[in-house]
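Participant: Got a structure for you, questions after.
The values are calculated or read from the model by the stated rules, or taken from the named source; none is laboratory data. As the structure is a prediction and not an experimental result, all values here were calculated from the model. Cβ placement follows ideal geometry from the backbone for every residue including glycine, while neighbour counts extend to all protein chains displayed.
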């Protein structure tokens, strides 16, 4: 599929990943229509020719007719994992919102191809990795459970004839991202520490690689197919901390705490946050992220789509730090 001249409807375009994908699609000649909630910050996309539709994925009525002429739909809207967010909030956005988007796409007379942006997190912590797309769902927190339920909802609509491809980009970072920015701040301010000596694995993916992979999913993905999009290789959290520190020109983190000790501290931080209303610097979900292994195989995406990530973590981090400094975020 060549998106040049095609009408693409995007949810989540005001987010980091959705916005980067919108920019790439415009560059490829697509006509972009995007859903936005009233009052959402669209400033980073002001220079793009985007037709905006006010609405919310959790309000099915606001989607009526929005996709009536779409050739493709990209469902990238979602809620990032945060401490203290009730699971029903994630369920409303990820599950009910996804059901509304898929129903609107199925009702469209153009029967568009849908790209559903999910997460390898639906597989939970990985004991024997790297995990492939056919590994069973084993979500371990509210975010992962509702993203897994959203995928199951997508498959229900695929069984009704909707052409859907599922992309699972993992741990996306890069210029313009504010979520992982906090990690860079903690390393710069010497507040970052390791759990269990930083031996556990994560699998960071630079935004340009993730976007390239999602475009390949649109162009070559098989309807009903699921594709992991990840960086060249998993890295330990010790390597992650040291690499960020090198890009920032600061001393690498050295402090390490055993998980059992950190867990006790996290319970105390969460108790304080409930009283003060402030987000704790480390939550139980965050502790799990730094003390479990997550690594994923992108072999299927390489074989079927031609996906091959180009940015190792050192290169991607250097690009990210340069952008953050240019825009005075660091």
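Participant: Just checking, how many residues over the range 184-195 are touching a strand residue (DSSP E or B) at 6+ places or on another chain (Cβ under 8 Å) and either surrounded by fewer than 17 Cβ atoms within 10 Å (Cβ to Cβ) or part of a loop (DSSP other than H, G, I, E, B) (or both)?
Facilitator: 1
Participant: Which of the residues that make up the range 103-140 are over 19 Å from the mean Cα position of the chain (by Cα) and within 23 Å of residue 21 (Cα to Cα)?
Facilitator: The answer is 103, 104, 105, 106, 108, 110, 111, 112, 113.
Participant: Also, I was wondering about something else. For residue 259, which of the numbered conditions (1) on the phi > 0 side of the Ramachandran plot; (2) modelled with pLDDT under 95 fails to hold?
Facilitator: Against the list (1) on the phi > 0 side of the Ramachandran plot; (2) modelled with pLDDT under 95, residue 259 comes up short only on (1).
Participant: Next question. Please report, ordered by residue number, the helices (runs of 4 or more DSSP H) entirely within the range 71-166 with at least 2 residues that are buried (at least 22 other Cβ atoms within 10 Å of the Cβ).
Facilitator: Output list reads 97-107, 142-159.
Participant: Farther than 23 Å from residue 90 by Cα and touching a helix residue (DSSP H, G or I) at 6+ places or on another chain (Cβ under 9 Å): which single residue out of 192, 157 fits that description?
Facilitator: Step by step, each of 192, 157 is checked, and only 192 is farther than 23 Å from residue 90 by Cα and touching a helix residue (DSSP H, G or I) at 6+ places or on another chain (Cβ under 9 Å).
Participant: Checking the condition within 28 Å of residue 208 (Cα to Cα), part of a helix (DSSP H, G or I), at pLDDT 95 or above and in contact with a helix residue (DSSP H, G or I) (Cβ under 8 Å, 6 or more places away or on another chain), which residue from 318, 322, 308 passes?
Facilitator: 318
Participant: Sticking with this one: Can you say whether residue 84 is at pLDDT 90 or above and within 26 Å of residue 142 (Cβ to Cβ), as far as the supplied structure shows?
Facilitator: So residue 84 does not fit the description; no.
Participant: Hey, another quick one. When the residues of the range 223-241 are narrowed to those that are in contact with a strand residue (DSSP E or B) (Cβ under 9 Å, 6 or more places away or on another chain) and in a helix (DSSP H, G or I), which ends up surrounded by the fewest Cβ atoms within 10 Å (Cβ to Cβ)?
Facilitator: Taking the candidates together, the pick is 238.
Participant: Sticking with this one: In contact with a helix residue (DSSP H, G or I) (Cβ under 8 Å, 6 or more places away or on another chain) and within 24 Å of residue 163 (Cβ to Cβ): does that describe residue 85?
Facilitator: no
Participant: Moving to a separate point now. Can you pull out every residue in the range 255-265 that is touching a residue at least 40 places away in the same chain (Cβ under 8 Å) and touching a helix residue (DSSP H, G or I) at 6+ places or on another chain (Cβ under 9 Å)?
Facilitator: The answer is 256, 257, 258, 259, 262.
Participant: Would you check which residues across the range 11-58 are assigned to a helix (DSSP H, G or I), surrounded by 15 or more Cβ atoms within 10 Å (Cβ to Cβ) and either in contact with a helix residue (DSSP H, G or I) (Cβ under 9 Å, 6 or more places away or on another chain) or without any contact (Cβ under 8 Å) to a residue 40 or more places away in the chain (or both) and list them?
Facilitator: Result: 16, 17, 19, 20, 21, 22, 23, 24, 25, 26, 44, 45.
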